[in-house]
Amino acid sequence: MARVPLQYVCQACGSAQRKWMGQCPDCGEWNTLQQEAAASATPFQQKHSLKSGGRTIALSPLNAAVELPPRIPTGFGELDRALGGGLVAGSAVLIGGDPGIGKSTLLLQAAGRMAVAGHGVAYVSGEEAADQVRLRARRLGLADAPVMLAAATSVRDILTTLSAQPPRTLLVIDSIQTMHSDQLEGAPGTVSQVRAAALELIGWAKETGTAVILVGHVTKDGQIAGPRVLEHMVDAVLYFEGEGRHQYRVLRAVKNRFGGTDEIGVFAMEADGLAEVPNPSSMFLTQRDEPVAGAVVFPALEGTRPLLVEMQALTVRLPSGATPRRAVVGWDSARLAMLLAVLESRAGLGFGNSEVYLNAAGGIRVVDPAADLAVAAALISALTDRPVPPETVVFGEIALSGEVRPATHPSLRLREAEKLGFRGALVPPGTSGVGRLQAQTVANIGALVDRIVGNA
């Protein structure tokens, strides 16, 4: 009997090594190499040509008249928005997020609503028993939903059971890191097991037309655990974001073969589960009677949805010689460092002896580059103790030269601000007002300082 060759596979990047090492030479991670059985290859297999001996596949022209697959509503308008309009039959969707963020709650609610609407839904949990899932469904008000439950980790058992039953519309796997394929050696969660289990489930979904949603664990860096190839195998990758101490959650698409990757869905965690937030702009704004220095409203744009977010800044003067601190929540810390350098170099504002704190209210993460001008206005307002008028919104991108660059879709941003009662805006050059909202252009960072301080 031939000896099975062994190899050591990195659980972080998937690279294979011939011997064990404490540190992976490819990604630099420590203690991530685990022993696995390598695929054996004979000299005949290595020399055999693949140019003949296979079956002929059918090729069709790109402009062939075919019927596009219909969208399947999930019962959650915000989830359908992030998916690009709903689920597609035979698609594979991967949802990741921090522990306790609400992934299982969201999918159980969506599965229950689809089952009540008449779709065949199966929910397979590899982390909880079926009775635990029933307890959560009872708390969510879905105790009578005709969802088929199972607690299993064997991919062979799952596919054998489902193949013997009528076709399902949706299959939820919670989670892919707990699935195990008996075709390979190794514990569940290893690179080879996650890849093999996902490949079998995705192949079965394509054959039967069942949409499969996979729940993925994340690492301490926020990336989905397991091989990176897992995100390439699925059709859509969604991240469930939000601070655990905040009520609101954001479902963001980072990959979507059937729609755009710039749409988001907003949810609120309540006592009876997740609730949709159809108008999130009013949720992320702070209601106050008097203006406060350091608070500026920014009209962000997430896909086709405008979203008003309050950017809050605070500066604290330190004694000479102390090391200032920079703390950021909901924005890019590297972007803040660059913006502070521009303010000091182009506008002469000194933040070197001040601690700087920046926060996006409501626990949302802002990725729109047009937030530069709003953050700069909040920093200037906090440093000079001059509040920005509360009925004013600010947006625009700032270059390293200090000039203000145009933002995408300014009319959508301004219309959303006008709808919520705002009457003024500080905008890049070339942007005009909308309706009763008056726009004041700001050409560079110095003009922004003059507007806020009152020397214009």
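Readers should treat all values here as calculations from the given coordinates under stated rules, not as data from a laboratory. Not measured: the values here are computed from a predicted model. Reconstructed Cβ throughout: ideal geometry from the backbone, glycine too, with neighbour counts over all protein chains shown.
Odds and ends about this structure:
- Cα-only Debye scattering, the range 303-377: base-10 log of I(q)/I(0) at q = 0.17, 0.19, 0.27, 0.28 Å⁻¹: -0.66, -0.81, -1.40, -1.46
- Projected area, mean over directions - the range 133-253, Cα convex hull, nm²: 8.9
- Label-to-label distance, nm, for residues given as Val316 and Thr153 (7 Å Cα→Cβ offset): 4.6
- Computed about its Cα centre, the charge dipole of the range 295-453 is approximately 120 debye, with only Lys, Arg, Asp and Glu carrying charge at their Cβ.
- Here the spin labels are modelled as points 7 Å beyond Cα on the Cα-Cβ line, and at Ala129 and Met233 they lie 3.0 nm apart.
- Selected from Thr56, Phe76, Gly446, residue furthest toward positive end of dipole (the chain; charges at beta carbon): Thr56
- Relative pair counts by distance (%), Cα atoms of the range 71-278, 10 Å bins: 9, 38, 40, 13, 0
- Amide H contacts of Asn256 (H built 1.01 Å from N, under 5 Å, at least 5 apart or other chain): Val237
- Share, in percent, of DSSP beta bridges within the range 71-278 that are antiparallel, nearest 5: 40
- Cα pair count fraction exceeding 16 Å, expressed as % - the range 139-183: 48
- The charge dipole of the range 71-278, taken about its Cα centre with unit charges on the Cβ atoms of Lys, Arg (+1), Asp and Glu (-1) only, comes to about 180 debye.
- Magnitude of the charge dipole, the chain, Cβ model with Lys/Arg +1 and Asp/Glu -1, debye to 20: 720
- In this structure, Arg386 and Gln438 have a Cβ-Cβ separation that, at R0 = 22 Å, corresponds to a calculated FRET efficiency of about 0.65.
- Counting only the Cα atoms, the chain fills a convex hull of 223 Å³ per residue.
- The orientation-averaged shadow of the Cα convex hull for the range 295-453, equal to a quarter of the hull surface, comes to 8.5 nm².
- Backbone HN-Hα couplings from phi across the range 351-368 [Karplus 6.51/-1.76/1.60, Hz, Gly and Pro as x]: 9, x, 9, 10, 6, 10, 10, 10, 9, 8, 5, x, x, 8, 9, 9, 10, 6
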